[in-house]
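Written out below as structure tokens is the structure these notes cover.
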Amino acid sequence: MHNMSVVPMKLLILFVVATHRTCHAYALSREPFSVAPMMAHTNRHYHTFFRYFSENAHLYTEMIPSETIVNLFNSNKELESNEALQELLGINAATKNAHNVNNSMNNRGPLILQLGGRDPQTLALASEIGVRMGYNGINLNCGCPSSAVSGRANGCALMRDPSHVAECVERMSESIANAAKNVNEDVELSVKHRLGVRDAATYDAEHDQQQTDDEAYQECQEFIQTITENSNVQKLQVHARLGLLGDFTPERTETLWTPDSSEQKNKLGATIKIDHKREQYKAKKLARISTIQNRSVPPLRPNVVNRLSENYPHLDFVTNGGIKSMEDIHHRVDGTNVMGAMLGRSVINHPCSFTHVDGLWGDTLPKWTREDVIQAHIQYCIQEEERCKDKPFSFRTHLRKKLVAVPFALFAGEEGNNAYQRQIRKMGHRLGRHTASAILQGALTHVPSEVRAKPITDFSSLDSIQTYSEHTRRSGPLQRAIS
């Protein structure tokens, strides 16, 4: 008599593999919480660090220009030996292990590559490379209003031409589908965008604040309809504000300054000497001001995202903009069809306040103490510096700056935090002589042992932490708190 309780081992293995893939695909498609792409912040070192706070959060890279990826690829099409491309993307092509082959933390949670650019062919090839390098998702940036990006008709400026974006995502969809078959993985294509775009110099904020959501909804709805009609885009991260392009002063209409090809003359016919470095600095400062004002000047309209999620039930929407806490996430998402929330600066400013995000997936909370996290990051710093010991001096100095910036806000709101951050900022000018691990160990002496022993799930309110809101201040990775 045949014993039905005995399951052939081969069938059991197939069942387990199929179940794993199904669960893996479900985990990738569900995005109740994600950390937004932020230049100078969400690099590979930050991703490694944040995995101590959440194993499930969707983490996005900084925006990486598709042209840069393709150019590096064309210089050496063997991904396993293309060190420059691996360094840029932060993934070891031979092992498909995100960021650091020595750190198992990186095997957890989805990692999404955000691409910048507007050429369909270049974006398609960059997407294929991202899939082959092991990324779980590819995201097209249609939401960055910075003059440095939109001035080149990328980022938010792409929303002016929805049909061109549709062509881009169609080519990207095809490329991703073909590459995903070869690696036997589910890779998702998504688009991050705003509700619409306006010219900053002529934008009337007071008039806009008096309007209903209807105009913004109609503009955003037309964009979404166009870009999803013939592509595999199933998920959209929507910053619930308009994007303002250009500078906020009518007198100045140019974007990022570049030297004129012809020489400039004064009234006497003599050549005028132009301080190109100074002009570039001024242009970049204006771009920073524009970016920061884009976070607050246009009114926030989260109900537009809610309406979109109701009227397009076959698409997944992630809301972004003005969300600062777990309470804000629940307030914005609960009771709606919106899938989840994407956060940016608040996660950088106070990572411990988001240690409960894995509960959104029904998982247990992390049990690390702050001491556990900082010591693990110090060991990571040692590994990274050892890996790059033969790199040029300038490369190693830049690496150290990134490494010490990652745990800058670990003790936010706690006793000793100010002294800890001051020490890191002070030593940030001496990175040529001191390793990242030594700088962090020195800064750690300013934090009382009882604070270091506190679980990361025990934290102070974000409202108690000072932030810089003045737009002329630079919001860099070693800022006390960025706003």
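I need the full set of residues from the stretch 216-256 which are touching a Gly at 6+ places or on another chain (Cβ under 7 Å) and either at pLDDT 75 or above or of a type in the set (A, V, I, L, M) (or both), in order please. Passing the criteria: ALA216, GLU219, CYS220, HIS239, ALA240, ARG241, LEU242, GLY243, LEU256.
Pairs are defined by a Cβ separation below 7 Å, a sequence spacing of at least 6 or placement on different chains, a first member in the stretch 57-71 that is of a type outside the set (D, E, K, R), and a second member that is in a loop (DSSP other than H, G, I, E, B) and open to solvent by 40 Å² or more (accessible area, probe 1.4 Å); the pairs so defined are MET63/MET39.
Pairs are defined by a Cβ separation below 9 Å, a sequence spacing of at least 6 or placement on different chains, a first member in the stretch 400-425 that is without any contact (Cβ under 8 Å) to a residue 40 or more places away in the chain and farther than 12 Å from PHE459 by Cα, and a second member that is part of a loop (DSSP other than H, G, I, E, B) and among the aromatic types (Phe, Trp, Tyr); the pairs so defined are ASN417/PHE411; TYR420/PHE408; TYR420/PHE411.
Report the residue count in the stretch 309-343 for those that are among the β-branched types (Val, Ile, Thr) and assigned to a loop (DSSP other than H, G, I, E, B). Please lay out each step first, then the result.
Filtering the stretch 309-343 down to residues among the β-branched types (Val, Ile, Thr) leaves 318-319, 323, 329, 333, 336, 338.
Remaining after also requiring assigned to a loop (DSSP other than H, G, I, E, B): 323, 336, 338.
The total comes to 3.
Of all residues in the stretch 420-452, those satisfying the criterion of being among the small types (Gly, Ala, Ser) and either buried (at least 22 other Cβ atoms within 10 Å of the Cβ) or modelled with pLDDT under 95 (or both) are GLY428, GLY432, ALA436, ALA443.
Applying the condition of being more than 24 Å from CYS352 (Cα to Cα) and outside any helix (DSSP H, G or I) to the stretch 391-407 and asking which residue is least open to solvent (accessible area, probe 1.4 Å) yields LYS391. Considering each of THR397, THR355 in turn, give the residue that is of a type in the set (Ser, Thr, Tyr) and free of Cβ contacts under 8 Å to residues at least 40 places away in the same chain. Answer to the check: THR397. Please determine whether any residue of the stretch 417-424 is of a type in the set (Phe, Trp, Tyr) and part of a helix (DSSP H, G or I). For the stretch 417-424, residues of a type in the set (Phe, Trp, Tyr) and part of a helix (DSSP H, G or I): present. Which residues, counting only those in the stretch 453-464, are surrounded by 15 or more Cβ atoms within 10 Å (Cβ to Cβ) and over 14 Å from ALA409 (Cα atoms)? Result: LYS454, PRO455, THR457. Just to verify a result, which residue in the stretch 347-371, among those that are open to solvent by 10 Å² or more (accessible area, probe 1.4 Å) and in a helix (DSSP H, G or I), is farthest from ALA240 (Cα to Cα)? So the residue we want is GLU371. When the residues of the stretch 155-182 are filtered to those that are touching a residue at least 40 places away in the same chain (Cβ under 8 Å) and among the acidic types (Asp, Glu), the one that is farthest from SER127 (Cα to Cα) is GLU167. Of the residues in the stretch 372-390, at least one is open to solvent by 20 Å² or more (accessible area, probe 1.4 Å), outside any helix (DSSP H, G or I) and not hydrophobic (A, V, I, L, M, F, W, C). Residues that are touching a residue at least 40 places away in the same chain (Cβ under 8 Å), open to solvent by 50 Å² or more (accessible area, probe 1.4 Å) and assigned to a helix (DSSP H, G or I) within the stretch 183-207 comprise just one, THR202.
The values are calculated or read from the model by the stated rules, or taken from the named source; none is laboratory data. Remember, predicted model here, so these are calculated numbers, not experimental data. Neighbour counts are summed over all protein chains in view; Cβ atoms, including those assigned to glycine, are modelled from backbone coordinates with ideal geometry. In case anyone asks, the SASA skips ligands and DNA or RNA and just uses the protein heavy atoms, side chains included. Shrake-Rupley method; radii C 1.70, N 1.55, O 1.52, S 1.80 Å.
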